[in-house]
């Protein structure tokens, strides 16, 4: 049973999440996470889809993780199918933080190859957290299909996801080393190096891989 004071506090927090000031929205998200309430979940999900400030979105995600999974999971699973890219990306990010493997079926091939790079990167991170035991090889193959995609940050995200899976990714990486596209071959080589030597910097691994490919290393013409 709620009191009038609690109802007033809830209404104030909900208004704060929509305030024009990012600092007010941040404080409101902190307050909501500090005192979880089922009435907040819908608004938190709604704000995740439209909030322009990264640090506020991160607090919104934290606030969602403070609520029971039974309250947040259904809404998050709806959001990953949203037409709004930010809604998909933030929902995937939140699922990776919650880490409940009930969400695994929602990590589809369409999300792993989403045209929006932020969505795809979030899907990669969520996938390696949520993948059930025994399905890592299939995930590795799906992730390896994205090798060579995008710029540095996107490629780094993908390499980190693949490395997180461990040696199970090696067959997929070695297959990618025979791809016709030199960008794919170089990215696969760099990722294998990071797997073998985690202390190797990504940029150094990529540059070394590019040299190997340029000199006729792994690839259709170099094997």
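Structure notes:
- Candidate set: the stretch 2-23, residues that are assigned to a helix (DSSP H, G or I), at pLDDT 70 or above and surrounded by 15 or more Cβ atoms within 10 Å (Cβ to Cβ); chosen: the one farthest from the chain's Cα centre (by Cα): 10
- Exclusive hit being at pLDDT 95 or above and surrounded by fewer than 23 Cβ atoms within 10 Å (Cβ to Cβ), set 112, 194: 112
- Positions within the stretch 139-153 being under 19 Å from residue 80 (Cβ atoms) and either touching a residue at least 40 places away in the same chain (Cβ under 8 Å) or outside any loop (DSSP other than H, G, I, E, B) (or both), in sequence order: 139, 142, 143
- Some residue of the stretch 66-78 being within 15 Å of the chain's Cα centre (by Cα) and at pLDDT 95 or above: yes
- Checking each residue in the stretch 110-138 for being more than 13 Å from the chain's Cα centre (by Cα), in a helix (DSSP H, G or I) and in contact (Cβ under 8 Å) with a residue 12 or more places away in the chain picks out 136, 137.
The rows are residues; the columns are (1) in contact with a helix residue (DSSP H, G or I) (Cβ under 9 Å, 6 or more places away or on another chain); (2) at pLDDT 95 or above; (3) closer than 22 Å to residue 54 by Cα; (4) surrounded by fewer than 23 Cβ atoms within 10 Å (Cβ to Cβ).
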| position | (1), (2), (3), (4) |
| --- | --- |
| 129 | yes, yes, yes, yes |
| 136 | yes, yes, no, yes |
| 139 | yes, yes, no, no |
| 151 | yes, no, yes, yes |
| 165 | yes, yes, no, yes |
| 175 | yes, yes, no, yes |
| 178 | yes, no, no, yes |
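- Flag for residue 46 being part of a loop (DSSP other than H, G, I, E, B) and either free of Cβ contacts under 8 Å to residues at least 12 places away in the same chain or in contact with a helix residue (DSSP H, G or I) (Cβ under 6 Å, 6 or more places away or on another chain) (or both): no
The values are calculated or read from the model by the stated rules, or taken from the named source; none is laboratory data. From a predicted model like this one, the values you see are computed outputs, not experimental measurements. Here Cβ is always computed from backbone atoms with ideal geometry, including for glycine, and neighbour counts include all displayed protein chains.
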